[in-house]
Amino acid sequence: MRFLLRALLGLALLAIVVGLLVGSGGVLISSLKDRDSGGARRGGDKERAYAVNVRTLSSGDAQPMTQVYGEVISGRTLELRASTAGAIVELSPRFQEGRSIGAGELLFQTDPANQLADRALVEAEFAESFAELADAKASLALAKDEVVAAQRQYSLRQQSVERQISLKSKGVGSDSAIENAELSLSTAEQAVLTKRLSLNQAQARLSRAEISLQRIQINLDEAIRKLEETTVTAKFAGVLTEVNAVLGGLVNANERLGRLIDPNAMEISFRVSNRTFSQLMSNPAGLNSAKIEIVFGGITVASDLTIDRVGAAVAEGQTGRELFSQLRRQDLDRLRPGDFVSIYIKEARLENVVVVPSTAISSDNTLLLVDEGSRLSSHTVRVLRWQKDELIVEGEGLEGKNLVLERAPQLGTGIKVEVRQTNGPVFKEKKLVELSDLEKDQIRAALETNKRIPKAGKTKILKRLEAKTIPEEAAQRLRNMVKRSAGNSDAIVETDPGEMIEISESERGKFKSFISANAFIPEDRKSFILEKLSQPKVPLKMVERIRSRMAGG
């Protein structure tokens, strides 16, 4: 019995193993058939096509333009400082912030008492030194005369010696006479040497007097300069700024009391990226090929300017290049140093190029184009300019091609696509209309009688009426307001609620959002309407009014 059970169990296990082997063999054979057939799926699955936005490319001319921001700086500034400490004793009535000053005009003067005293002392020393110089010159002349007289005495004594020697040779003279004559000659020679020494001393005295006079002359010039520095004048015509001076106020030496700016020597300082700078330098004409347009407060204040120079070095923590552009005299009326302006750098026009969005190009400068079979193909281009969200590329081979505007990770060469949008989104421009003077008067009268519109809303509408044209939708709303004002039928809130109806929760939410966002409804009326809308049933007239307002009526 036990043998029979074991035999049956073995047969069962054998059947299970055989079944598994047969199933595995079937799966293997099926896989081999799929591989031999090219991996085609069963059931005839359709290839997936991705939806893409495309634009038909057309080549032409384009002008690269880069927008940056810059600052107006002064190319010629004079700091007005007090050279000496003291009280301000004289102050020009035109020494005021923003006042125009002419060249050479007196601005302020500090107390010159100390400088006047120093100059008087030096002048006295100068007079004393001048007198000493005159005395030295007279002494020198006298010393020269004394030398001449001593030399004449020496000559006479020498002649006397020669005469005594001659007499002795004739037997008339004596040796004692010769000795006396030689002693007199020696004394005369000593006198000549003494006079020459006096002459040298007189010459040295004259030199010292001249040097002393020169030194005192330098001191006198310095005293005069310090006296002149107490008075500060305008070195050139300009405009005063940062003025900080009052009559009688005490100032320290080198204290700044203001700045003088030359309004005719202003320039624009702005910084561009390294890429933009390289693009500007790639033009054969260099930086001079670019034209600069300055916009301040939304108004173009200067155009067709050129780049004057490039910064000498890159400051620590900065990138790119700093450029400077000189402003013309006729462009200086609206600008002041320190103003921040928008700068548009317009380069020379490029021919046979295509402008594409930056989202359409990859890091290796390739574009995805849609061919006739709705499949994607890759096209490598040369990028000429980068500007904001667009790129200018060479137009060779791109004329009439459909470009994929946004690259996605699943898109690539050979992928089938479905064109959902061609040539980008189309935005409908608002139509502008012109209101007659009668209509404007009617609108102003309706605003005066309308108590529901807040003061801010009325001011906004009146400001819009000053324009020559306004959007057609806004004009129609204003005309409807005039009609409602004339018939007194514009009230959303009715005194007699009339028929009450139920509205859906979604519509109730839309009504509440519209009423809350409406700036023309007073706050008390808003609270009343929102309270009515929160109730289960709402007045029919109110619902119809709100629907009409939401529809633009």
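Against the conditions (1) at pLDDT below 75; (2) not in a loop (DSSP other than H, G, I, E, B), V17 satisfies every one except (1).
Listed conditions (1) at pLDDT 85 or above; (2) within 17 Å of G75 (Cα to Cα) are all met by S342, apart from (2).
Check whether at least one residue in the stretch 254-261 is in contact with a Pro (Cβ under 7 Å, 6 or more places away or on another chain) and crowded, with 16+ Cβ neighbours inside 10 Å, and report yes or no. Walk me through how you get there before you give the answer.
Kept after step one, since they are in contact with a Pro (Cβ under 7 Å, 6 or more places away or on another chain), are these residues of the stretch 254-261: 261.
Narrowing further to those that are crowded, with 16+ Cβ neighbours inside 10 Å: 261.
Yes, the conditions are met somewhere in the stretch 254-261.
Of the residues making up the stretch 68-104, those that are open to solvent by less than 40 Å² (accessible area, probe 1.4 Å) and over 22 Å from the mean Cα position of the chain (by Cα) are L80, A82, T84, G86, A87, I88, S92, F95, I101, G102.
Close Cβ contacts (under 7 Å, 6 or more residues apart or on different chains) running from residues in the stretch 522-543 that are open to solvent by less than 70 Å² (accessible area, probe 1.4 Å) to residues that are of a type in the set (D, E) comprise P539/E494; L540/E499; M542/E494. Only strands (runs of 3 or more DSSP E) whose full extent lies in the stretch 284-358 are considered here, and the ones with at least 3 residues that are more than 25 Å from D61 (Cβ to Cβ) and open to solvent by 10 Å² or more (accessible area, probe 1.4 Å) are 321-326. Among the residues that make up the stretch 377-397, is at least one of them in contact with a Gly (Cβ under 9 Å, 6 or more places away or on another chain), surrounded by fewer than 18 Cβ atoms within 10 Å (Cβ to Cβ) and small (G, A, S)? Yes, the stretch 377-397 contains a residue that is in contact with a Gly (Cβ under 9 Å, 6 or more places away or on another chain), surrounded by fewer than 18 Cβ atoms within 10 Å (Cβ to Cβ) and small (G, A, S).
Can you confirm whether the stretch 29-41 contains a residue that is exposed (fewer than 15 other Cβ atoms within 10 Å of the Cβ) and at pLDDT 75 or above?
Taking the stretch 29-41 as the starting set, the residues that turn out to be exposed (fewer than 15 other Cβ atoms within 10 Å of the Cβ) are 29-41.
Applying the additional criterion that residues be at pLDDT 75 or above yields 29.
There is at least one residue in the stretch 29-41 that is exposed (fewer than 15 other Cβ atoms within 10 Å of the Cβ) and at pLDDT 75 or above.
So is T230 modelled with pLDDT under 90 and either closer than 30 Å to R336 by Cβ or open to solvent by 60 Å² or more (accessible area, probe 1.4 Å) (or both) or not? Taking the combined requirement at face value, the residue does not satisfy it. Does S58 satisfy the criteria of being within 30 Å of R420 (Cβ to Cβ), touching a strand residue (DSSP E or B) at 6+ places or on another chain (Cβ under 8 Å), open to solvent by 50 Å² or more (accessible area, probe 1.4 Å) and among the polar types (S, T, N, Q)? Yes. Residues in the stretch 520-550 that are under 53 Å from the mean Cα position of the chain (by Cα) and β-branched (V, I, T) were compared, and the one that is nearest to G457 (Cα to Cα) is I521.
The values are calculated or read from the model by the stated rules, or taken from the named source; none is laboratory data. Quick caveat: nothing in here was measured; it's all calculated off a predicted structure. No Cβ is skipped: glycine too gets one built from the backbone with ideal geometry, and neighbour counts run over all protein chains shown. Side chains included, ligands, DNA and RNA excluded: accessible areas come from the protein's heavy atoms. Shrake-Rupley method; radii C 1.70, N 1.55, O 1.52, S 1.80 Å.
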